[in-house]
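The values are calculated or read from the model by the stated rules, or taken from the named source; none is laboratory data. Just so you know, these numbers come straight off a predicted model, no measurement behind them. Positions of Cβ are generated from backbone atoms using ideal geometry, with glycine treated the same way; all protein chains shown enter the neighbour counts.
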Amino acid sequence: MPPTQHHHRWMAEALRQARKGLYSTHPNPRVGCVVVADDVMIAAGWHEYTGGSHAEVNAIESAEIPRGADFYVTLEPCSHHGRTPPCVDALLAVQPARVIVAMQDPNPEVGGRGLDRLRAGGVEVICGVLETQARELNAGFVKRMQQGLPYVSVKMACSLDGRSALGNGISQWITGEPARRDVQFLRARASAILSSAQTVLADDPSLNLRLSRHDLGQAARPRHPVRVLLDSNLRLKGNERIFSSDGEIWIYTCSNNMNKKQKLTELGAQVFGAAANDAGRVALPAMLRDLASRGINEVHTECGQTLAGALIAERLADRIMLYMAPHLLGSGARGSFDLGEINAMAQRKTCRICDIRQVGEDLRLTLDLEQG
Ligand SMILES: NC(=O)c1ccc[n+]([C@@H]2O[C@H](COP(=O)([O-])OP(=O)(O)OC[C@H]3O[C@@H](n4cnc5c(N)ncnc54)[C@H](OP(=O)(O)O)[C@@H]3O)[C@@H](O)[C@H]2O)c1
C-alpha cells in the first residue's frame, strides 16, 4: 500500500475513535488515537470528557506498547500541563518511531510546540493527514481557538416554499417526528442552544435534551447543552416552561431592570449584561465572543427568521441545517431568514451544499455559508 494510503487508513480509524466523544468532550476537542506496529492496530484510545485522560494516554494504558510503534493522533499531542500531564511526555516514554497527526493544535499559544518536542526527542513527525476531516470534527473548538468565536449552526424547519411559521407565529410542527428527533442529536453535540425571548414566548419550548445515553451510544450521562436566550428588554417572566426543565440557562439582556434580573436569577438563570446594537437589541458579535470566552465551541440555534437572519446577515453563522417539509404554507406565512431587502444578485448569500438526505417524510440539507 502506498505510504499516503497507509496513513489515511489508520488516521481514519483514529478519527473513528475521536467521534466516540462527539457528545461528551465539550469544551475540549474530540480526539482519537491508534497505535500501529507491523501494520496491525495494537491499541486505541479516545478522549471522553474534560478532565479525563487524553486519547494518547488512554491508548498507551490499554496495551503493552512495543518500542518503535507508530501513533496516529487526530490532534497535535499537548505539551503543557493542563488538568492532566503533557501527552508528549507519555509518548516519548514509550519511544515511538513516528507520530502522525491530522492537525496542529489550533491554539496559537501552543500550536506546534508538541510536535517540536517530539522531533527534539528523536521521533519522526508527519502532520496534516486527513486534516480536513479532523478540522470538521472540531470546527467549534478550532474557530474558538483561532477567532475567539463559536461555530454557529443555524437550524431551521421550513415548508417547501421556505416558510418557518404561519403568519400568526404558529410553527409547531412543520416537520415530522423523525426530523425533530434528528434535531435532538444536533442539540446533543452543541455546547449551547441559542434562542430568543420571542421564540420562548411564542412556543414555550423546553429546549433541552431528551436523548438517553443509549440513544447517544455512550457510557456517560448525556450533557445538557447550556440554553442561551437573547432577551434585550427582559420580556421573559420566569413562568415559561424552560425555567422548570433540566439544564443551565444564560440570558443576555440590554436591560438594567434589577428586579427582573433578580427574579430570573432566583429561578436559576445567569443573567449577563450585553451591549446593544443600533436597534437596541443584543449586539450579536460581542455576545458570541462572550460565549466563546466561557468555553462555548458550537452553537446550535432554535429561533425564528429574525435572529436566524441577523446571524447570517452579520456573517456570524457558519452552517445552516435546513429541515424542509413537503408542505406549502403560502405567502402569508413567515420566511426562514429575514435578511432585509436584497436588490442585487451580487448581494445574495451563497451556500455550499454539503449533504442532502431524507429524514422521515422531510428533507435535511446541510449547507455551509460562504462568507464572501
Ligand atoms: N421553523 C423553525 O425551525 C422555528 C424555530 C424556532 C422558532 N420558530 C418560530 O419563529 C417565531 C419567532 O420568530 P421571530 O422571527 O419572531 O423571532 P426569533 O427570530 O426567534 O427571535 C427574534 C428576537 O430575538 C431577539 N434578539 C435579540 N437580539 C437580537 C439581534 N441582535 N438580532 C435579532 N434578534 C435579536 C429580539 O427580541 P428582543 O428584542 O425582545 O430581545 C427579536 O425579536 C415563533 O413564532 C416560532 O414559532 C420557528
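Counting the residues of the range 287-338 that are within 14 Å of the ligand (Cβ to nearest atom), polar (S, T, N, Q) and farther than 22 Å from Val142 by Cα gives 3.
In a residue-by-residue description of the range 274-281, the property of being without any contact (Cβ under 8 Å) to a residue 12 or more places away in the chain and of a type in the set (Asp, Glu) applies to at least one position.
Is at least one residue of the range 227-237 in contact (Cβ under 8 Å) with a residue 60 or more places away in the chain, within 27 Å of Ala308 (Cβ to Cβ) and not polar (S, T, N, Q)? Yes, the range 227-237 contains a residue that is in contact (Cβ under 8 Å) with a residue 60 or more places away in the chain, within 27 Å of Ala308 (Cβ to Cβ) and not polar (S, T, N, Q). In contact (Cβ under 8 Å) with a residue 40 or more places away in the chain and within 16 Å of the ligand (Cβ to nearest atom): is that true of Cys127 in this structure? The answer is no for Cys127.
Is there any pair with a first residue in the range 1-14 that is closer than 20 Å to Gly45 by Cβ and a second that is crowded, with 17+ Cβ neighbours inside 10 Å and hydroxyl-bearing (Ser, Thr, Tyr) whose Cβ atoms are under 6 Å apart and which are 6 or more apart or on different chains, and what are they? Qualifying pairs under 6 Å: Trp10/Tyr72; Met11/Tyr72; Ala14/Tyr72; Ala14/Thr74. Taking the numbered list (1) touching a Gly at 6+ places or on another chain (Cβ under 7 Å); (2) more than 10 Å from the ligand (Cβ to nearest atom) in turn, Arg163 passes all entries but (2). If you go through the range 205-239 and keep only what is within 20 Å of His47 (Cα to Cα) and not in a loop (DSSP other than H, G, I, E, B), you end up with Arg213, His214, Asp215, Leu216. For Thr74, are the conditions met, namely being modelled with pLDDT of 95 or more and among the polar types (S, T, N, Q)? Answer is yes for this residue. Within the range 251-286, the set of residues being near the ligand (Cβ under 9 Å from one of its atoms), surrounded by fewer than 21 Cβ atoms within 10 Å (Cβ to Cβ) and among the hydrophobic types (A, V, I, L, M, F, W, C) comprises Cys254, Ala276, Ala279, Ala283.
Of the residues making up the range 71-102, those that are surrounded by fewer than 24 Cβ atoms within 10 Å (Cβ to Cβ), assigned to a loop (DSSP other than H, G, I, E, B) and among the small types (Gly, Ala, Ser) are Ser79, Gly82, Ala97. Residues that are closer than 20 Å to Asp246 by Cα, modelled with pLDDT of 95 or more and near the ligand (Cβ under 10 Å from one of its atoms) within the range 181-203 comprise Val183, Leu194, Ser195, Ser196, Ala197, Thr199, Val200, Leu201, listed in sequence order. Checked against (1) surrounded by 15 or more Cβ atoms within 10 Å (Cβ to Cβ); (2) within 19 Å of the chain's Cα centre (by Cα); (3) not aromatic (Phe, Trp, Tyr), Thr132 meets all criteria but (1). Of the helices (runs of 4 or more DSSP H) contained entirely in the range 118-204, those carrying at least 1 residues that are within 30 Å of Val271 (Cβ to Cβ) and assigned by TED's automatic domain parsing to the domain that holds Arg315 fall at 139-147, 177-189, 197-203.
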